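A.B. asks: Here it is: the structure, laid out below.
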Amino acid sequence: MGINFEMTVKKDLSVEILNAKGQKVFAQNVPGFIGKYDQVVDLSNASADFYVLKIQHNSKTYLQKIIIEK
């Protein structure tokens with residue numbers, strides 16, 4: 001799964017993918033991030049379920065639901 005976005009303010013960045021139980025299946029922290037973020041995350045071993053992509057940057061939190069079907 002590809003995650004990509006752009007931030008125009010230099011602040012610490014946190015990117016996480018959480019499963020339905022709230023457990024982290026992916027986490028990355030980037031101090032002082034600015035610019036384009038482009039990361040491929042291997043979720044091929046993840047079970048069919050829903051997940052949440054959580055991005056925190058500049059005192060804001062962005063959430064996106066992810067559904068994996070097998």
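A.B. asks: Quick check: at a probe of 1.4 Å, how many percent of the accessible area of the chain sits on carbon and sulfur atoms?
C.D. replies: About 47 percent, which is the carbon plus sulfur part of the accessible surface.
A.B. asks: With Kirkwood radius over Cα pairs in Å defined as stated, name the option among (i) 11.9; (ii) 13.7; (iii) 12.7 computed from the structure displayed.
C.D. replies: (iii)
A.B. asks: Would you work out which of 43, 2, 62 lies farthest towards the positive end of the dipole of the chain? Charges go on Cβ: Lys and Arg +1, Asp and Glu -1.
C.D. replies: After comparing all options, I get 62.
A.B. asks: With every protein chain present, what is the per residue accessible area of the chain (1.4 Å probe, Å²)?
C.D. replies: About 69 Å² of surface per residue is accessible.
A.B. asks: Determine the gain in length on full extension of the stretch residue 49-residue 25; use 0.36 nm per residue of separation and subtract their C-alpha separation, reporting nm with one decimal.
C.D. replies: 7.4 nm
The values are calculated or read from the model by the stated rules, or taken from the named source; none is laboratory data. For clarity, every value in this text was computed on a predicted model and none was experimentally measured. As a convention, Cβ positions derive from the backbone with ideal geometry for all residues, glycine included, and neighbour counts pool all protein chains shown. Ligands, DNA and RNA are excluded from the accessible area calculation, which covers all protein heavy atoms including side chains. Shrake-Rupley method; radii C 1.70, N 1.55, O 1.52, S 1.80 Å.
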